[in-house]
Amino acid sequence: METPKRKALIELKNYLTHLKDLGYTEIPCETELLANVAQETAQPSLSTNKMSKNISLGAVQKELGDCTRCKLSEGRKNIVFGSGNANADLVFVGEGPGADEDEQGLPFVGRSGKKLTEIIEKGMGLNREKDTYICNIVKCRPPGNRDPEPDEVSACNPFLIEQLQAIKPKVIVALGKSASSTLLGRTVPIVKERGTWHEYAGIKLMLTFHPSYLIRFYTLENRKAVHEDMKKVLKELGR
Ligand code: URA
């Protein structure tokens, strides 16, 4: 059961994992925290971080290899690296593969994938394959479609960073709470923060609902909300 104490412990664990991802080996003092764990610096700078290099998506995939860096590798059929245009201006980041994605090795090909394609093609007037790139914060299916755990997110995060570094999109859209929280390095209340602009390593980042949330809570209000969010993205892209 999710007691307040357990919730606080999970948040603390997430936060400490996040600090570890940033390279901290000790808990920084308050002033350092304020200076360094502000939103912008909680993220890699794609031009200055230590992984900054002109890297191709192919090279990132090669580096990922037949990954066994976390326990998600034990139950997967296929790694779901990502799909779409390697030079896209727009990248969607989801949470993690489900059963259909695991089966096919491609992101968003199941029910929520259909919804995402509908949002991109009917809602935004874009072509999913040509105009976007789609990936997830973890590249292997969490068993039973549970949320990815912090150690799994941490193990995969360098590859997400490198993917984004290779693509260098103009806009990233985080789909849902997990993707938003991972990219921003803090727990994001998605209902409150969807539709707002942020920055991820110097790239514009829009937060919106995950397509599966839309399917589950198929209200006019939620559909309108995602439509409004995507209108903002199109405007930013000059389309
Ligand atoms: N949900 C996700 O977050 N990603 C997928 O690839 C499929 C479903």
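Per residue, how big is the convex hull of the stretch 165-239 when only Cα atoms are used? Give it in Å³. Provide the component values of the computation, followed by the final result.
Details: hull volume 6.9 nm³, N = 75.
Taking the convex hull of the Cα positions in the stretch 165-239, it is 92 Å³ per residue.
Given 77/122; 122/170; 71/231, which pairs have Cα atoms separated by over 27 Å?
Values: 77/122 31 Å; 122/170 21 Å; 71/231 38 Å.
Pairs exceeding the cut-off: 77/122; 71/231.
Listed highest first by mean packing, meaning other Cβ atoms within 10 Å per residue, what order do 89-101, 213-225, 187-199 come in? Walk me through the intermediate numbers first.
Working: 89-101: 23.8, 213-225: 13.1, 187-199: 15.6.
The peptides rank, most packed first, as 89-101, 187-199, 213-225.
Using only Cα atoms, locate the centre of the stretch 136-180 and the centre of the stretch 68-118, then give the distance between them in Å, rounded to an integer.
Taking the Cα centre of each part, the stretch 136-180 and the stretch 68-118 sit 10 Å apart.
Over 28 Å between Cα atoms: which of 115/235; 139/235; 130/177; 114/139 fall into that group? Please report the intermediate quantities before stating the final value.
Working: 115/235 21 Å; 139/235 30 Å; 130/177 26 Å; 114/139 19 Å.
Check vs 28 Å cut-off fails for 139/235.
Out of the trypsin sites (Lys or Arg not before Pro) in the stretch 127-166, which ones are loop residues according to DSSP with at most 12 other C-beta atoms within 10 Å? Don't skip to the end; give the middle numbers.
Numbers: sites: 128, 130, 139, 146; in loops: 139, 146.
Filter output for the stretch 127-166: 146.
Could you give the alpha-carbon Rg of the stretch 43-237 over 2.2 N^0.38 Å, rounded to two decimals? Spell out each step's value before the answer.
Numbers: Rg = 15.4 Å, N = 195, 2.2 N^0.38 = 16.3 Å.
That ratio works out to 0.94.
Relative to the Cα centre, what is the charge dipole magnitude of the stretch 165-216, using +1 at the beta carbon of each Lys and Arg, -1 at the beta carbon of each Asp and Glu, and rounding to the nearest 20 debye? If you can, show how the numbers build up before the last one.
Values: 8 positive and 2 negative charges, 12 e Å.
Approximately 60 debye in magnitude.
Treating only the Cβ of Lys, Arg, Asp and Glu as charged (+1, +1, -1, -1), what charge dipole size does the stretch 43-237 show about its Cα centre? Round to the nearest 20 debye.
360 debye
Give the residue from 163, 179, 233 lying farthest towards the positive end of the charge dipole for the stretch 94-239; charges sit on Cβ (+1 for Lys and Arg, -1 for Asp and Glu) and the dipole is referred to the Cα centre.
Farthest towards the positive end: 233.
Here, each number is a calculation from the coordinates, and none is a lab measurement. Being a predicted model, the structure only gives us computed values, none of them experimental. Note: ideal-geometry Cβ built from the backbone for every residue, glycine included; neighbour counts use all protein chains shown.
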